[in-house]
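Only one structure is covered here, and it is reproduced in the block below.
The values are calculated or read from the model by the stated rules, or taken from the named source; none is laboratory data. Remember, predicted model here, so these are calculated numbers, not experimental data. Here Cβ is always computed from backbone atoms with ideal geometry, including for glycine, and neighbour counts include all displayed protein chains. Only protein heavy atoms, including side chains, enter the accessible area calculation; ligands, DNA and RNA are left aside. Shrake-Rupley method; radii C 1.70, N 1.55, O 1.52, S 1.80 Å.
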Amino acid sequence: MKDVPTSISFFEMLSPFVASGKKTITIRDESECHYVPGTQVEVFTLETNIKVCDIEIESVEPILFSEINEFHAEQEYLPLPKLKQIISKVYPNTEQLYVISYKLV
Ligand SMILES: CC(=O)Nc1ccn([C@@H]2O[C@H](CO)[C@@H](O)[C@H]2O)c(=O)n1
């Protein structure tokens, strides 16, 4: 069995929104879909590897890039065009993605 991941990285510019509870989901690809609901995960900044906060995973659900809508943008605390722009840059040509929802602990 794969090890359950216990840390996750966010772009530094987005990490304050995670720490303040404004950003409650993240959308990742297959390589980061192995988080397990109910487990606690440490949040770090991607660029500087600084600890931000702890979160508890609530769910991991598959989503297609083409299905991402305003509802997700709201939970991402980003405008929808900006969200889709970031995702296409991080995961070019990837249709199959995963919505990871979490809460602060
Ligand atoms: C290693 C790595 O991929 N790190 C990432 C990937 C994505 N994201 C954010 O998650 C949401 C959906 O992609 C958007 O808000 C993105 O900006 C992030 O902060 N850090």
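Data overview
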read-out: Signed unit charges on C-beta, dipole axis of region 46-91, positive-most listed residue PHE71, SER59, SER88; value: SER88
read-out: About the Cα centre, charge dipole magnitude for the chain (Lys/Arg +1, Asp/Glu -1 at Cβ), debye; value: 240
read-out: Proportion of all alpha-carbon pairs of region 7-104 beyond 18 Å (%); value: 42
read-out: Dipole axis of the chain (+1 Lys, Arg; -1 Asp, Glu on Cβ), positive-most option in THR6, LEU46, ILE27; value: LEU46
read-out: Computed lengthening from GLN85 to MET13, 0.36 nm per intervening residue step minus Cα-Cα distance; value: 24.4 nm
read-out: Residue-normalised accessible area of the chain, given per residue in Å² at a 1.4 Å probe; value: 57
read-out: Whole-percent carbon and sulfur share, accessible surface of the chain, 1.4 Å; value: 55
read-out: For region 7-104: relative contact order, % (alpha-carbon pairs under 8 angstrom, 6 or more apart); value: 38
read-out: Under-24-angstrom lysine pairs by C-alpha in region 7-104, whenever the two are 8 or more apart or on separate chains; value: 13
